[in-house]
Amino acid sequence: MSERERIDPGAGAARPWIGLVLAAGKGTRMKSDRAKVLHEIEGKSLLGHVLDTAAELGLSRTIVVVGHQAEEVRGAHAAWEVETVLQEPQLGTGHAVIVAAPLLRGTPADADCLVLYGDVPLLRATTLGELMERHRLEGNGVTVLTAEVDDPAGYGRVFRDAAGRFERIVEDRDLRPEDRGRREINSGIYAFRLGPLLEALAHLKADNAQKEYYLTDALVVIRDAGWPVGISLLEDPEEISGINTPEQLGEAEAALARRRGRPTEGCRVCRALKDRPDLLLERAEGASILLAPSPYNSGHLWVAPHRHQTSFVSLSPEEAGRLFDLARRAEAWLEEAYHPQAFNLGYNSGRPGEHLVLHVIPRWSGDSNFMPLIGEAKILPQTLAGSRRHVEEARRRVEGEPEPEPPGG
């Protein structure tokens, strides 16, 4: 696992998160004797990509359900801290969770369980973090990750009621002709509250042509038991692309290559925390102060938690307190650096894909775009390097830090 900060929607709470990765399938359409999850993208197995993503989520445990070539799959992933359980025979997704249930039962019933698949390597940790965050904020028994696609053929469709709430999932082969145009599909990725999930497993039946137990049936059982069923609609459907053929493997590899070539890929706060040391001014427990990234800055600071989340209300009281303490420190530095007439203080919260961030911005009367006007002339903002130098010098004065040693001193 890398040294990246973990995304942890459960931080500050006693309830743990458990990851359950279903990876038992053979993958006959791969035209290979190897288990599907052992096929590689960029030198790493499909399951390895999924486990790397799971390792960013702050899970307390990760359980992998293995089946076809179980020993080879276990051996190839010995470097990851996971538990494994054997599904033999493989009787559907619901059956995979049933065989993992003995391992799950040792966990508190108010814990939550994130269900993933070993052949879905393109999911972003930020997407899963937002699914987990929504699940807990809404108090759901289960939250399903969905997407709207132009060609939904082959996927189970999500049905909602008139208020937009979850109603049911219908598999593609069971759809009525008039429902085939529905574009919202079930990804098969879920966040479950553990107690309702374990209770629902006892109600699953293999009363279908395939004689398999489907995990989708658990959603209706949980809903009928009185638990809310939430829906998290994914913005980028490419993330939930499963790998079933050599062609899809090649497409997934191309998708990862495209991501690396996009400077705007992913959450910009996560990118700044991970890849922009030139922006970092202060790294504290759980959060950091950064320069707002743009070619020019003029004192605009971000205060952001390390874990990706979208909603201020999902912070624990301790986390919120630390964030505002950092904001007060940032304001003191800017007061010393720029002597503004006022500050703009605000935060982004509640928008999918946006990292929670507090903004601390110095203001002057008559300014435009937070640039001071002196003698009716707009003063150009500083470069990032200039702003950094200016704010760091002010920070040292405010906090009584010694001057840095000159080079070679």
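The values are calculated or read from the model by the stated rules, or taken from the named source; none is laboratory data. Please read these numbers as outputs of a predicted model, since none were measured by experiment. Every residue, glycine as well, gets a Cβ built from its backbone with ideal geometry; the counts of neighbours run over all protein chains shown. SASA here: full protein model, heavy atoms, side chains in, ligands and nucleic acids out. Shrake-Rupley method; radii C 1.70, N 1.55, O 1.52, S 1.80 Å.
The residue that is nearest to LEU334 (Cα to Cα), counting only those in the stretch 270-314 that are assigned to a loop (DSSP other than H, G, I, E, B), open to solvent by 20 Å² or more (accessible area, probe 1.4 Å) and not hydroxyl-bearing (Ser, Thr, Tyr), is HIS300. Looking across the stretch 226-243 at every residue that is assigned to a loop (DSSP other than H, G, I, E, B) and open to solvent by 50 Å² or more (accessible area, probe 1.4 Å), the one that is farthest from ASP150 (Cα to Cα) is identified as GLY226.
Screening GLU336 against (1) modelled with pLDDT under 85; (2) more than 22 Å from the chain's Cα centre (by Cα); (3) surrounded by 15 or more Cβ atoms within 10 Å (Cβ to Cβ) leaves a single unmet condition, (1). Which residues, taken from the stretch 126-175, are among the aliphatic types (A, V, I, L, M) and touching a helix residue (DSSP H, G or I) at 6+ places or on another chain (Cβ under 9 Å)? Across the stretch 126-175, the qualifying residues are LEU128, LEU137, VAL142, VAL144, LEU145, ALA147, VAL149, ALA153, ILE169, VAL170. On the stretch given as the stretch 191-216, residues that are in contact with a helix residue (DSSP H, G or I) (Cβ under 7 Å, 6 or more places away or on another chain) and part of a helix (DSSP H, G or I) total 6. Picking from residues in the stretch 77-102 that are open to solvent by less than 60 Å² (accessible area, probe 1.4 Å) and among the small types (Gly, Ala, Ser), the one that is modelled with the lowest pLDDT is GLY92. Against the conditions (1) modelled with pLDDT under 95; (2) assigned to a helix (DSSP H, G or I); (3) crowded, with 16+ Cβ neighbours inside 10 Å, LEU219 satisfies every one except (1). The set of residues in the stretch 315-328 that are in a helix (DSSP H, G or I) and either aliphatic (A, V, I, L, M) or within 13 Å of GLU130 (Cα to Cα) (or both) comprises ALA320, LEU323, LEU326, ALA327. Mind checking which residues of the stretch 172-192 are open to solvent by 50 Å² or more (accessible area, probe 1.4 Å), within 29 Å of ASP112 (Cβ to Cβ) and free of Cβ contacts under 8 Å to residues at least 24 places away in the same chain? Across the stretch 172-192, there are no qualifying residues.
Residues checked against (1) closer than 29 Å to ARG34 by Cα; (2) surrounded by fewer than 21 Cβ atoms within 10 Å (Cβ to Cβ):
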residue	(1), (2)
THR143	no, no
GLY154	yes, yes
PHE166	no, no
VAL170	no, yes
ASP207	no, yes
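Among residues of the stretch 348-406 being modelled with pLDDT of 80 or more and β-branched (Val, Ile, Thr), the one that is surrounded by the fewest Cβ atoms within 10 Å (Cβ to Cβ) is THR383. The condition (being polar (S, T, N, Q), in contact (Cβ under 8 Å) with a residue 40 or more places away in the chain and touching a His at 6+ places or on another chain (Cβ under 9 Å)) is satisfied by just one residue among SER311, SER232, SER241: SER232.
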